[in-house]
Amino acid sequence: FDDPPGLREKTEYLLREWVNMYYSPAGGKDSTKAFSAFVNQMHQQGILKTDDLITRFFRLSIELCVDVCYRALAEQVHSQALTRAKCFQTLDAFVRLIALLVKHSGDATNPVTKINLLNKVLGIVAGVLLQDHEVRQTEFHQLAYHRIFSMLLLELNAPEQILEAINFQVMSAFCNALHVLRPSKAPGFVYAWLELISHRIFIARMLGMLPQQKGWPMYAGLLTGLFKFMTPFMRNAELPKHLALLYKGTLRVLLVLLHDFPEFLCDYHYGFCDVIPPNCIQMRNLILSAFPRNMRLPDPFTPNLKVDMLADIAHHPRILTNYVTVIQPASFKKDLDSYIKTRSPVTFLSELRSHIQVSQEPGQRYNVSLMNALVLYVGMQAINYIQSKGSTPSMSTITHSSHMDIYQNLVVDLDTEGRYLFLNAIANQLRYPNSHTHYFSCTLLYLFAEANTEAIQEQITRVLLERLIVNRPHPWGLLITFIELIRNHHFKFWSHEFVHCAPEIKKLFESVARSCM
Amino acid sequence: TLSKEQRLQQSVMESCFHHLPLPSDSERLRNYLPRNPCPTPTYHCQV
Amino acid sequence: MLTDPFGMVGLLTFIRAAETDPNLVQLALGSDLTTLGLNLNSPENLYSTFQSPSSDAPSRPQDIDYHVPQEYLTNLHIRDKLAPIKLSRYGEDLLFHLYYTHGGDVLQLAAAAELYNRDWRYHKDERVWITRGPGMEPQVKTSTYERGVYYYFDYNRWCKMAKDFHLDYDKLEERPHLPASFHHNTS
C-alpha cells in the first residue's frame with residue numbers, strides 16, 4: 001500500500017535501463033560493468049535510501065515483470081516459443097540483477113546481508129505470487145514465477161567462491177520460499193513447484209552436496225507437503241487427467257530418489273507413509289523398497305532362507321521423523337509408558353481404542369497418525385526390551401509381553417476399518433533387513449497364528465496381498481513375510497476359507513505362491 | 001467428498017493443467033544468433 | 001466379511017474392476033514404472049539428466065545448460081585468425097547441415113552456392129533441394145519445364161529421396177550471390 005508517488009515510474013524506468021544494459025555488449029563479463037553503473041543509477045534515484053524503498057522497488061519490479069508475461073501471453077500473436085523468449089528477456093535480466101545484488105551486498109566475509117536480501121526477494125516473489133493466485137484463480141499462470149525461481153537457482157548455484165560459501169543459506173532460503181508456496185497454498189503453481197523441487201541442481205544441492213545431509217530434513221518437508229496436498233484427491237479411486245499427471249510426475253521424482261538417494265527415503269519413510277493415503281499402494285511400496293546402497297539383500301525366494309541368522313536384523317534403522325510427539329495427549333503417553341513397563345493401569349487396554357477412534361465420520365474415524373506412531377513406538381520399545389535381555393526378536397521372544405498385549409488388544413478390539421489401518425501401520429515397517437523389519441514381520445505372523453477369528457487372518461492376508469499384487473517394486477520385508485506365511489505349515493494358510501472365497505482370489509494366491517516358490 | 005476449498009483447489013489445478021511448464025523453462029535461453037548475419041531470400045530456411 | 005470393504009472380497013472388487021476399468025484402480029494396482037522414461041538400471045545418477053516430472057525421456061546433453069568457464073568462449077578472440085573455410089572440400093551431408101543450421105547467416109548462402117556448384121537446385125515453392133540422379137534423364141523436357149524422377153533432400157529424414165517432380169524452371173533459384181566481404185573461399 002501507499003507507494004511513494006512516482007516510485008512505480010522510477011522502477012519501470014530503472015528496469016528498462018537494466019534490461020538494456022544487460023543485453024548490451026558493453027555490460028561486461030556476467031554484467032558486472034553494467035551492474036556498477038546501474039547501482040549508481042539506483043542511488044541517484046534514491047531507491048537504496050531505505051529498506052522500505054528497496055522492498056517496494058523489488059515488489060514493483062516483480063509485478064512489472066509478471067505483467068510483461070501476462071500481456072505477452074494474452075497477445076497470442078507469436079508461437080509459444082517466441083512468446084516465452086519475449087517474457088524471458090525481461091525475467092532473465094531481472095534475475096541477474098537480483099543475483100548480483102545478493103552477491104555484492106554487504107561485506108565479502110559476512111554473509112548475513114546477502115542472505116537477508118535473498119530471503120527478502122524470495123519472500124516478495126512468493127507474496128506477489130500468492131496475491132496474483134488469489135486474485136486470478138483459474139486465470140493464474142505460473143510462467144513468470146517459475147522462470148524467476150529457476151533462473152535464480154541457476155545463478156546462485158554458479159561455481160563461484162562467494163556463492164559456495166553461503167550455499168546452505170541460499171538453499172534454505174529457496175526451501176523456505178517453496179514451503180510458503182507449497183501446493184496447498186498455491187495449487188495453480190503445483191506443476192511448476194514440482195519442476196523446481198525436482199530440478200537437477202536443486203536435488204544435487206539439497207540431497208547430494210550440502211554437508212552432513214543438512215538439506216535432507218528440508219527436502220523431506222517439501223515432499224511431505226506435496227503428499228499432504230495430494231492426499232484428499234488420491235482418496236478417490238479415479239484420477240482426472242490433471243491429477244494423474246501430478247501423480248505420475250511425483251512417481252518419477254520418487255524413482256529418481258530411490259535410484260540416487262535411497263538412504264534419504266529410508267530415513268524419512270515414516271513421515272512419508274504417514275501422509276500417503278492407504279490406497280496409494282505402489283507409491284508407498286516405492287518408498288518402502290528403498291534400502292542403503294551398501295547393502296546386499298538376500299534373495300527372498302532363497303529356499304530355507306534363515307532370516308533370523310542375518311546380521312542386519314540386529315541393526316536399528318534411522319527414523320528421522322519425530323513421531324513420538326504425535327502420541328498425545330500427554331496423559332495417554334504417560335499411561336502407555338506405564339502399561340509397557342508395568343502392565344498397569346489395567347483399564348489401559350480397554351480404553352486404547354477410544355484414543356485412536358476420533359470421530360464417526362466415514363473415512364475419518366481414526367487418527368491414522370496416532371495409530372502409526374503408537375505401533376512404531378510400542379514396537380521399538382519391544383525391540384529394545386528383547387535386546388536388553390540378550391535375545392533377538394523371534395516368534396518366541398515377542399510373545400507374552402506388554403507390547404504384544406497392546407497389539408493383540410488392538411487387532412481384536414478394532415472394527416475392520418481400524419484393524420486394516422492398524423495392520424497397515426505394521427506392514428509399513430516391512431522394509432530392508434533390519435531390526436524393525438524382522439520384529440514387525442514376526443509380529444504380523446504371530447498375530448495371524450494366534451488370531452481367534454478368521455476375519456483377523458483374512459485382513460492380515462488382505463494387507464499383505466494388496467501390497468504384492470501391485471506392479472513393482474516390492475519391499476524385501478513384505479516378500480519374506482508373505483513367503484513365510486504361505487510356506488510354513490504352522491500357519492495352515494491354504495486351509496482358510498478366504499483363500500478359496502472366489503475363483504479370482506484362489507487363482508491369485510496360486511499365481512503369487514508359484515512366483516514365490 | 002472434497003471440501004469446498006479442495007474443490008476450488010482442483011478447479012485451479014485443472015485450469016493450470018492447460019498451460020504446463022515446459023522443460024526448457026528451467027534452462028537458460030540459448031540465442032543462436034548468426035555470427036555473420038546476412039539477409040537471405042525468404043524462401044530459404046530462416047530458423 | 002462378505003460385505004466388508006477391508007477384507008478379501010473388498011480386494012476382489014479391485015481385481016475385477018481392473019479388468020473392466022483400469023483407470024479406476026490406477027492407484028491401487030499401480031503401473032509399470034519402467035515405462036516412465038527413467039533408466040532404473042543406470043550406473044550413473046538419474047537426477048543429473050532428469051528433465052522434468054512430465055517428461056518421458058531424460059535430458060539430452062544439448063538440453064542442459066552447463067556453466068562453461070569464460071575462458072572456453074573463445075570465438076571473439078580467434079575468429080579472425082581462423083583459416084578460410086573451403087566448402088568444396090566437404091561432403092553434401094555437411095553442406096546441408098550448414099545450410100539448415102545457419103539460417104540468416106552468410107554461411108547458409110555459401111553452402112547454397114556450393115550445392116549449386118554440385119548441380120543441386122533449390123525449389124523456391126517446394127523449399128527443398130533437388131538434383132537429377134546419375135543417368136536419370138527427364139521424361140519430358142521443354143523450354144519452361146521438365147518432368148521426371150529426381151532426388152530431393154529430405155531434411156526430416158536427413159537423406160536423399162526419389163520423387164516425381166514437375167519442375168518449372170522459374171521456380172528454381174539461380175546461383176546464390178555471396179557478399180564480397182565473406183571470409184570464405186568458394187573455389
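Read-outs: derived from the displayed coordinates by stated rules, not from any lab. Predicted, not measured: the structure shown is a model, and the values here were computed from it. Every residue, glycine as well, gets a Cβ built from its backbone with ideal geometry; the counts of neighbours run over all protein chains shown.
What percent of all Cα-Cα pairs in segment A:448-517 falls into each 5 Å bin, going from 0 up to the bin containing the maximum distance?
With a bin width of 5 Å, the distribution comes to 3, 15, 29, 30, 16, 6, 0.
Indicate the gyration tensor shape class of chain C (rounded, prolate or oblate), computed on the Cα atoms with a ≥ b ≥ c the square roots of the eigenvalues: a/c under 1.5 is rounded; otherwise a/b larger than b/c is prolate and the rest oblate.
Oblate shape, in that a/c is at least 1.5 and b/c is the bigger or equal ratio.
Would you calculate a helix-derived [θ] at 222 nm for chain A, using -39,500 (n - 2.57) for each DSSP H run of n ≥ 4 and dividing by the full residue count, to the nearest 500?
Taking each H run of at least 4 residues, the total per residue is -21000 deg cm²/dmol.
What percentages make up the Cα-Cα pair-distance distribution of segment A:283-430 when the bins are 10 Å wide from 0?
Taking every Cα pair in segment A:283-430, the percentages come to 9, 36, 36, 16, 3.
Can you give the average number of partner chain beta-carbon atoms within 10 Å of each beta-carbon in peptide C:105-111, as a whole number?
5
Rounded if a/c is under 1.5, else prolate if a/b is larger than b/c, else oblate: which is segment C:92-187, with a ≥ b ≥ c the root eigenvalues of its Cα gyration tensor?
prolate
When the Cα centres of segment A:256-285 and segment C:50-122 are compared, how far apart do they sit, in Å?
Measuring centre to centre over Cα atoms gives 45 Å.
Which residues does the label zone of residue A:324 cover in segment A:363-402, counting backbone N under 20 Å from a point 7 Å along Cα→Cβ?
Answer for this model: A:369-389, A:402.
Shielding by partners for B:3-9, please: the mean number of other protein chain Cβ atoms within 10 Å of each residue's Cβ.
That works out to 3 on average.
By DSSP, what percent of the beta bridges with both residues in chain C are antiparallel, rounded to the nearest 5?
Counting only bridges with both partners in chain C, antiparallel ones make up about 90 percent.
Could you compute the net charge surrounding residue A:401? Neighbours are other residues with a C-beta less than 12 Å from the C-beta of residue A:401; K and R count +1, D and E count -1.
+2
If I take every Cα pair under 8 Å that is 6 or more residues apart in chain A, average their sequence separation and divide by the length, what percent do I get for the relative contact order?
10 percent
Between residue C:163 and residue B:45, how many nm apart are label points set 7 Å from Cα along the C-beta direction?
Rounded to a tenth, the inter-label distance reads 1.4 nm.
Ignoring solvent entirely, what values of log10 I(q)/I(0) come out of the Debye formula for segment A:9-116 at 0.10, 0.11, 0.15 Å⁻¹ when each Cα is a single scatterer?
Evaluating at q = 0.10, 0.11, 0.15 Å⁻¹ gives log10 I(q)/I(0) of -0.32, -0.38, -0.69.
Provide the packing ranking of C:60-70, A:480-490, A:18-28, A:259-269, i.e. peptides ordered by the mean count of other C-beta atoms within 10 Å per residue, highest first.
The densest-packed peptide leads the list: A:259-269, A:480-490, A:18-28, C:60-70.
Considering only the other residues whose Cβ falls under 13 Å of the Cβ of residue A:7, what net charge follows from Lys and Arg at +1 and Asp and Glu at -1?
-1
Can you compute the FRET efficiency between residue C:35 and residue C:74 using 1/(1 + (r/R0)^6), with r the Cβ-Cβ distance and R0 = 51 Å? Round to the nearest 0.05.
In this case the efficiency is close to 0.70.
Between residue A:365 and residue A:85, take the C-beta separation as r, use R0 = 45 Å, and let me know the FRET efficiency to the nearest 0.05.
Here the calculated transfer efficiency is 0.25.
Quickly rank A:210-216, C:27-33 as a protection proxy: mean count of other C-beta atoms within 10 Å, highest first.
Going from most to least packed, we get C:27-33, A:210-216.
What is the spin-label model distance, in nm, from residue A:160 to residue A:108 if the labels are put 7 Å beyond Cα along the C-beta direction?
Result: 1.3 nm between the two label points.
How well do other chains shield peptide A:233-246, expressed as the mean number of their Cβ atoms within 10 Å of each residue Cβ?
Taking all residues of A:233-246 together, the mean is 5.
Mind checking the angle between helix C:106-117 and chain C's longest principal axis? C-alpha axes, 0 to 90 degrees, to the nearest 10.
70 degrees
With equal scatterers on the alpha carbons only and no solvent term, can you work out the Debye log10 of I(q)/I(0) for the protein assembly as shown at 0.07, 0.12 1/Å?
Debye curve over Cα of the protein assembly as shown, log10 I(q)/I(0) at q = 0.07, 0.12 Å⁻¹: -0.68, -1.30.
Based on the Kirkwood radius over alpha-carbon pairs, what value in µm²/s does the Stokes-Einstein equation return for the translational diffusion coefficient of segment A:107-257 at 37 °C and 0.692 mPa s?
202 µm²/s
How would you classify segment C:132-181 from its alpha-carbon gyration tensor, with a ≥ b ≥ c the square roots of the eigenvalues: rounded for a/c under 1.5, else prolate if a/b is greater than b/c, otherwise oblate?
Oblate, since a/c reaches 1.5 and b/c is not below a/b.
Need the list of lysines near residue A:341 for cross-linking: C-alpha distance under 28 angstrom, and skip anything on the same chain fewer than eight residues off.
Output for residue A:341: A:333, A:389.
Using a Förster distance of 35 angstrom, determine the FRET efficiency expected from the C-beta separation of residue A:337 and residue A:293, and round it to 0.05.
0.45
Sort out for me the Cα centre separation of segment A:84-103 from segment A:119-174, rounded to whole Å.
The two parts, judged by their Cα centres, are 11 Å apart.
Suppose a student asked you for the relative contact order of segment A:270-415, using Cα pairs under 8 Å spaced at least 6 residues apart; what percent would you report?
22 percent
Rank-order A:224-232, C:41-49 by packing density, defined as the average count of other C-beta atoms within 10 Å over each peptide's residues, highest first.
Packing proxy ranking, top to bottom: A:224-232, C:41-49.
Extending each Cα 7 Å along its Cβ direction at residue C:141 and residue A:228, get the distance between those two points in nm, one decimal.
Each label point lies 7 Å from its Cα, and together they span 8.1 nm.
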